[in-house]
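Novice: Let me begin by handing over the structure; questions about it come next.
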Amino acid sequence: GIGTFFLQKLSAMTAVAIENCLNQQRLREISYQDVLTRVYNRRYFDLRLKDEIARSLRWKDDLVCMFLDVDYFKRINDTYGHQIGDDVLVRTASLIKMQVRACDIVARYGGEEFVVVLPATSLQSAHEIAERLRQSVHSNLYDFQGEQFRVSISIGMANLKNFCPSSPQDKPNCESIGTLLLARADAALYQAKESGRNQIAVFTNDDLKP
């Protein structure tokens, strides 16, 4: 009767609403994704970083930010071509995702640069993850017209506990803390590059230039 018809109509409408939600979610994810590597893009990363910092401060958790850069990427492109260069980026992104947890945020930050945020992680654990990652990237073989070659990455990292706002009643500006954290991880990355690449550097307060 009417009751059954109403329920059928209702379930049909619900199905449409769910489908619309899923489609919107997919669209949203596409706009948050880097097209090539399928990790998050920089815009989405910046939003998530702010949220994660707020959460970490609220729960008094540490959080580690990691910059990863493919060494001599221009040389790879020049030697083997952009198709191989793209393959290297896609493979590196998937190796990063294999080493981190589902709750960690992986994004492509620029050309050959990736950034990872590890919430509720100590610097020591993050260092172990980074080392596994460095090794897995370096043990991966690429093939170009019968010639095999390896790729290495440099990693710089900084953690939140190093510079939490001093007084807890202050409302922390998570955006500026995020900017500072990224700048510190980036400074550590520069250090890793300067020291010969294919290695990990951790930001310490000694790195602050007067």
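Novice: Can you tell me which residue is farthest from the chain's Cα centre (by Cα) among those in region 101-124 that are in a loop (DSSP other than H, G, I, E, B) and surrounded by 20 or more Cβ atoms within 10 Å (Cβ to Cβ)? Talk me through it step by step, then tell me what you get.
Specialist: To start, the set of residues in region 101-124 that are in a loop (DSSP other than H, G, I, E, B) comprises 101-104, 111-112, 120-122.
Next, only the ones that are surrounded by 20 or more Cβ atoms within 10 Å (Cβ to Cβ) stay: 104, 112, 121.
On the way: D104: 7, E112: 12, T121: 14 Å.
That would be T121.
Novice: Now, a different point. Consider only pairs whose beta carbons are under 8 Å apart and that are at least six residues apart or on different chains; among these, list those whose first residue lies in region 131-143 and is open to solvent by 20 Å² or more (accessible area, probe 1.4 Å) and whose second residue is of a type in the set (K, R).
Specialist: Short answer, once both residue conditions are applied: H138/R150; S139/R150; N140/R91; N140/R150; L141/R150; Y142/R91; Y142/R150.
Each row is one residue, and each column tells you yes or no for (1) surrounded by 10 or more Cβ atoms within 10 Å (Cβ to Cβ); (2) closer than 30 Å to T179 by Cβ.
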{"position": "L7", "(1), (2)": "yes, no"}
{"position": "A12", "(1), (2)": "yes, no"}
{"position": "A15", "(1), (2)": "yes, no"}
{"position": "Y32", "(1), (2)": "yes, yes"}
{"position": "E52", "(1), (2)": "yes, yes"}
{"position": "K60", "(1), (2)": "no, yes"}
{"position": "D69", "(1), (2)": "yes, yes"}
{"position": "T79", "(1), (2)": "yes, no"}
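Novice: Limited to region 19-64, what total is found for residues that are among the hydrophobic types (A, V, I, L, M, F, W, C), closer than 27 Å to D87 by Cβ, in contact with a strand residue (DSSP E or B) (Cβ under 9 Å, 6 or more places away or on another chain) and assigned to a helix (DSSP H, G or I)?
Specialist: Looking only at that region, the number is 1.
Novice: Let me ask something else about it. Looking for something modelled with pLDDT of 95 or more, of a type in the set (K, R) and either outside any helix (DSSP H, G or I) or farther than 22 Å from I76 by Cβ (or both) - is there at least one such residue anywhere in region 150-160?
Specialist: Within region 150-160, one or more residues are modelled with pLDDT of 95 or more, of a type in the set (K, R) and either outside any helix (DSSP H, G or I) or farther than 22 Å from I76 by Cβ (or both).
Novice: Here is a list of conditions, (1) closer than 24 Å to V35 by Cα; (2) assigned to a helix (DSSP H, G or I); (3) open to solvent by less than 20 Å² (accessible area, probe 1.4 Å), and K97 meets all of them except one; can you say which number that is?
Specialist: Status for K97: all satisfied but (3).
The values are calculated or read from the model by the stated rules, or taken from the named source; none is laboratory data. In this text the structure is predicted, and so the values were computed from the model without any measurement. Neighbour counts are summed over all protein chains in view; Cβ atoms, including those assigned to glycine, are modelled from backbone coordinates with ideal geometry. The accessibility values were calculated without ligands, DNA or RNA, using every heavy atom of the protein model including side chains. Shrake-Rupley method; radii C 1.70, N 1.55, O 1.52, S 1.80 Å.
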